[in-house]
Amino acid sequence: MIKRSKYNNKKTKVDGITFDSKKEADRYVFLTHRATNGEVVDIHLQVPFVFALEGKKMFTYKADFVYYDKTLSKTIIEDVKGMRTPLYKLKKKLIENQHQITITET
């Protein structure tokens, strides 16, 4: 039996890493290829960003990938999205505002 999420994503394994979806695994392969070409460095997976209100942790958002893109000369915080739920949209806005970052969706 193939394990699927509520959004019909199929868990996929690449390089011994299990990704929540084939789309996320494909993105990892693409980024590692770019790293081999020297275009990106310091690829990190599932990087946590905590949202706190009045010093109290409310939730943790995990970015699928954080890496430095040498062609753009900046750090990219990336989320591989298939379905942009209302809850995700709210969390994204809160995290971006609190951490002064931009989350790129692919």
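Just to verify a number: FRET efficiency for ASP42 and HIS99, C-beta to C-beta distance, R0 = 22 Å, to 0.05?
Details: r = 18 Å, r/R0 = 0.81.
The computed FRET efficiency comes out at 0.80.
Show me, for segment 26-37, the HN-Hα J-couplings you get by feeding each phi into the Karplus relation (A = 6.51, B = -1.76, C = 1.60, θ = phi - 60°), rounded to Hz, glycine and proline as x.
Per-residue couplings from phi come out as 4, 5, 4, 4, 4, 5, 5, 5, 5, 5, 4, 7 Hz.
So which GluC sites (Glu not before Pro) in segment 45-106 pass both tests, a DSSP loop state and at most 14 other Cβ atoms within 10 Å of the Cβ?
Working: sites: GLU54, GLU78, GLU96, GLU105; in loops: GLU54.
Loop-located and lightly packed - GLU54.
Label the chain by shape, choosing from rounded, prolate and oblate, from the square roots a ≥ b ≥ c of the eigenvalues of the Cα gyration tensor; if a/c is under 1.5 it is rounded, and otherwise prolate applies when a/b is larger than b/c, oblate when it is not. Kindly include the intermediate steps, with their values, before the conclusion.
Numbers: a/c = 2.12, a/b = 1.14, b/c = 1.86.
Since a/c reaches 1.5 but b/c is at least a/b, the shape of the chain is classed as oblate.
Show me the trypsin sites (Lys or Arg not before Pro) within segment 20-99 that DSSP assigns to loop and that have at most 12 other Cβ atoms within 10 Å of their Cβ.
For trypsin sites (Lys or Arg not before Pro) across segment 20-99 that sit outside H, G, I, E and B with at most 12 neighbouring Cβ atoms in 10 Å, the list reads ARG84.
Apply the Karplus parameterisation 6.51 cos²θ - 1.76 cosθ + 1.60, with θ equal to phi minus 60°, to every residue of segment 99-105 and state each ³J(HN,Hα) to the nearest whole Hz, in sequence, with x for glycine and proline.
For segment 99-105, the Karplus curve yields 9, 6, 10, 10, 9, 8, 9 Hz.
Pull up all non-local amide H partners of LYS70: gap of 5 or more, or a different chain, and H-to-H distance under 5 Å with H placed in the peptide plane.
Residues meeting the criterion, in which the H sits 1.01 Å from N, are VAL40, VAL41.
Once you put a point 7 Å from the Cα of THR18 and another 7 Å from the Cα of LEU53, both along the Cβ direction, what distance in nm separates them?
So the two model labels end up 3.3 nm from each other.
Computed from the coordinates by the stated procedures, all read-outs in this text should not be read as laboratory data. All of these numbers come straight from a predicted model, not from anything done at the bench. For neighbour counting, all protein chains shown are included, and Cβ atoms are generated from backbone atoms with ideal geometry for every residue, glycine included.
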